[in-house]
Amino acid sequence: MTEQDFLKTLQNYGQHHIVEHYRALTPHQRDVFLEANRDLDVPLVMRLHRQFCQPGDTRPSSAGISPPRVVSLPRSTREHDDALRARSVGESLLQRQKVAALVVAGGQGSRLGFEGPKGTFPLSPVKEKTLFQLFAEQVRCLSARFGVTIPFLIMTSGDNHVDTVRFFQRNRYFGLTPDSVYFFSQGVLPAVSPDGRLILRDKVHFYTSPNGHGGSLKALSDSGLLARLMAAGYEELFYCQVDNPLVRIADPVFLGHHSLEGAQVSTKVVRRRGVDEKVGVYLVVNGRQAVIEYSDLDETNMKALDENGGILYWAGNTAIHIFSLSFIRDLNSDGFALPYHCARKSAYVVSSDWEPASVDVWKFETFVFDAIPLAQRACCMEVAREEEFAPVKNKEGPDSPDTARQALIDLHRSWLEKAGIKVPPHAKVEISPLFALSPEDVVERLRNRRVVISSEIYIE
Ligand code: UTP
């Protein structure tokens, strides 16, 4: 976009304060300003601001909501057989090199308050491996097991891209081949004041924010990565968030159910802990499967109970998905299909007299789970929370490093116990992903091995 076009756009949208500001800059500052900002989608933000100014409750009405069909945890013989069949289909997808894995790590991690990208947080109980290392080792183990390359994709944001790439370089990609690891940055959008004015962060930059985890589906396409993966014959993308150390990357059973159901998108869910748990809820809304954020679901539905006194809408979103690559392509075929949400927050920016000040801002973002109702077929699979879901969100208390670490210890202790090994009550236990990805692996691999029992047990 030329300087003239850019200024005209700003003018057309009533951003005269920015145009005046621009005209007062030095020639060098103008160049920097244009370079930094001219690709920002100002028209989109202006449309979104207008849309969110309209009063109205966008929450779905109770009448249109019902529980979804869920592939439940296997209990009966038939369900166990189904899981075995799914596993073999998933393994075949892996073997035929059809699967890539994505970790979204572009968030700001403000609740954790950790200096640096969240994926570089040391989390494992004995070796203090970082979240990134735990994921990379799983990908390495799976790739070796199936004799294939599983592309490992990491979505960053402008704020943490360089630090994330350097972290992998410094750690030699945790044993992965560097050219199988792909970093790509998500998009950003300028934020606006409640009255729709673009905000400056400093003299030459707008105040922007990442466009949400849904931006991964857009950035995959915009970056050309999606086309490259498809051209190389990949078909399915395993998706997870950077904050869940229990995630089973590219779980064959999950891949298998996704494939057997002919789904374009699949989601793992856990039973909600209680009616107040702050977790998105997987539902059917007006005939389409969907996840509704806890803050967007009205209290009656949030607290609804079934005839046995259990939570009626029990399926909590883990943010573990599989997306068919062709579906991601379709979502980008006519602009980007995901709807935007508006987060009203306060932010620290420079004021008109260039003093730092706290102001109200509206930020616009997309949620990856909004792709679910857009799919022709979606699959939802229940997993056990203690086996697969322990997100690190907060500095302390629930969903913190302490709870996630304890969840890893409890999980790995249970794996050892399945192999007949007794672990003292307070011992820390950690099993390397390079050694085992499941209790079955542990049973198999410890058959002829002695484990030294102490207060810290690490198995690799
Ligand atoms: P959260 O919603 O927990 O946000 O992100 P966050 O930014 O990590 O943490 P807070 O809210 O500031 O404390 C869930 C997942 O989505 C990714 C995060 O990195 C995390 O893996 N995410 C979130 C993105 O990749 N981009 C975004 O714009 C937002």
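FYI, it's all coordinate maths here, none of it is from the lab. It should be emphasised that the depicted structure is a prediction, and the values quoted were computed from it without experimental measurement. When we count neighbours, we look across all protein chains shown, and the Cβ atoms used for this are built from the backbone with ideal geometry, even at glycine.
A quick yes/no check of all residues on (1) over 26 Å from Leu325 (Cβ atoms); (2) within 16 Å of the ligand (Cβ to nearest atom):
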position: Ala83; (1), (2): no, no
position: Ala86; (1), (2): no, no
position: Ala100; (1), (2): no, no
position: Val103; (1), (2): no, yes
position: Gly109; (1), (2): yes, yes
position: Leu112; (1), (2): yes, yes
position: Glu115; (1), (2): yes, yes
position: Thr120; (1), (2): yes, yes
position: Ser124; (1), (2): yes, no
Test: Thr9 is of a type in the set (Ser, Thr, Tyr) and surrounded by fewer than 13 Cβ atoms within 10 Å (Cβ to Cβ): no
Check every one of the helices (runs of 4 or more DSSP H) wholly within region 198-305 and list those with 3 or more residues that are among the aromatic types (Phe, Trp, Tyr) and without any contact (Cβ under 8 Å) to a residue 24 or more places away in the chain. none
Quick check on my filter: what residues within region 415-442 are surrounded by fewer than 16 Cβ atoms within 10 Å (Cβ to Cβ), of a type outside the set (Lys, Arg) and in a helix (DSSP H, G or I)? Glu417, Glu440
In region 139-167, anything in contact with a helix residue (DSSP H, G or I) (Cβ under 8 Å, 6 or more places away or on another chain), of a type outside the set (Val, Ile, Thr) and within 16 Å of the ligand (Cβ to nearest atom) is listed as Phe152, Leu153, Met155, Asp163, Phe167
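This table checks each residue for (1) under 25 Å from the mean Cα position of the chain (by Cα); (2) more than 13 Å from the ligand (Cβ to nearest atom).
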{"residue": "Pro178", "(1), (2)": "yes, yes"}
{"residue": "Ile199", "(1), (2)": "no, yes"}
{"residue": "Tyr207", "(1), (2)": "yes, yes"}
{"residue": "Pro210", "(1), (2)": "yes, no"}
{"residue": "Leu217", "(1), (2)": "yes, no"}
{"residue": "Ser221", "(1), (2)": "yes, yes"}
Meets criteria (charged (D, E, K, R) and either surrounded by fewer than 17 Cβ atoms within 10 Å (Cβ to Cβ) or over 30 Å from Val265 (Cβ atoms) (or both)) for Glu456: yes
I'd like to check something: does region 434-457 contain any residue that is over 27 Å from Ala144 (Cα atoms), in contact with an Asp or Glu (Cβ under 9 Å, 6 or more places away or on another chain) and in contact (Cβ under 8 Å) with a residue 12 or more places away in the chain? yes
For region 235-244, which residues satisfy the criterion of being under 20 Å from Phe135 (Cα atoms) and more than 15 Å from the ligand (Cβ to nearest atom)? Glu236
